[in-house]
Amino acid sequence: MALDILGNSLTAADKAEVQAVDAFVADFLAYEARASDVIGAAGRHPASAMLNAYAGLLWLLLEAPAGPALAEPFLALARSAVTSERERQWVEALAVWREGDAAEAQRRFEAIVAAFPRDLPAAKVSQYLSFNVGDAAAMLRVAQAAVAPDNPRLLAMLAFAHEESHQLAEAETAARRALALEPSEPWAQHALAHVMLSEGRIEEGLAFLADHCGGWVGLNSFMVTHLWWHQALFELERGRPAAALAIWDRHVWGVDKSYSQDQVGAVSLLARIELVGLPVGDRWRDVADHVAARGIDLTLPFLTAQYIYGLARSDRPEADTLLAAVRVAPGEDWRAVATPLCEGLLAHARGDFQTARTALDASREGWVRIGGSHAQRDLFARVWRDAERRAA
């Protein structure tokens, strides 16, 4: 029985398999783009439960309707290769997630951490699933249950969970501890940027991210574009929308135009720039072309709402098609929160500010339940306030 780099037991046939597992664990926790190499590694090691489980995980993180089907062959191989309790729990947690029960998957990943507290990938996945339903308490609980002394990746997870729990001093402490250990730790940089934005430390935030942006090399498209997105928010708070738009052009849109997080980051930033009065030209068109290629995507309501806004700002008929699908999507959050939110965003994008104000007001109390961070959901509040002003 081997051990991975975190000290978790690992059933492995040879050194190459262990090295592939270790590479994925390190890259996944660090938001490195090369984490996707695990898909090839799983192909080379079809009898590896963890490599195939990790490959399946990446497809589930695609945040697209095709993700579960792409994950299934890897999960089937992982299932047939299970020889340990930890492997079994991972495969079962991924299987229920693939079947659409993200809440049960979150509970199972949290249980994995309780049983195997060195399993930081499980803690990361648990946090991701909790984040998508606005459960900051669960995010914090799993980070505090994990055991990895002086590990900057865990400290970064802890920092963001504190921030989403409105515990800003604790978030800053954890983030700075992580950065003292690993100055390039991107999730800790991200958490600290959240703290500085929340506390109105705009000049400090700009300088902080400017000092670190040179190290954002090799990160996956979400992490690099999202860190630049935060820098753009600081520019907007400083009253410099043109600088924010320049960041959009150079760093936010264009890294991976097909990926969900890149798309909503682009939508969100363009909308904010327009809301402060700076025209964005024909930039909506390219964003909408790529969003439209998703088809009917109801993977996460937080994402779908922003897809609709981006489509509507470019007068794409797909906005109405997607809204029609939202209206019949099963689940209380789709009915009570996502439907009026999407209706309000579409109405605002088309200049119907009275309808936008009414619909957004009806959904406001539930926004936290559909995920996103405080900073991300602030877009909805800004659109609502704009609709109120222009409907008056």
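Computed from the coordinates by the stated procedures, all read-outs in this text should not be read as laboratory data. Quantities reported herein were computed from a predicted structural model and do not represent experimental measurements. Here Cβ is always computed from backbone atoms with ideal geometry, including for glycine, and neighbour counts include all displayed protein chains.
If you bin all the Cα-Cα distances of the chain at 20 Å, starting from zero, the percentages per bin are 28, 59, 13, 0.
Charge dipole (Cα centre; +1 on Lys/Arg Cβ, -1 on Asp/Glu Cβ; no other charges) of region 1-132 amounts to roughly 100 debye.
Near Glu32, once Lys and Arg are set to +1 and Asp and Glu to -1 for all other residues with Cβ below 15 Å from its Cβ, the sum equals -3.
Whole-Hz Karplus values for region 333-340 come out as 5, 5, 6, 8, 10, 5, 4, x Hz, taken residue by residue from phi with 6.51 cos²θ - 1.76 cosθ + 1.60 and θ = phi - 60°; glycine and proline positions read x. Computed over neighbours whose Cβ is under 13 Å from that of Ala381, the net charge equals +2, Lys and Arg +1, Asp and Glu -1. The helix-only estimate of mean residue ellipticity at 222 nm for the chain, built from DSSP H runs of length n ≥ 4 each weighted as -39500 (n - 2.57), is -21000 deg cm²/dmol after division by the residue total. Rounded to the nearest 10 degrees, the inclination of helix 283-292 to the longest alpha-carbon principal axis of the chain is 50 degrees.
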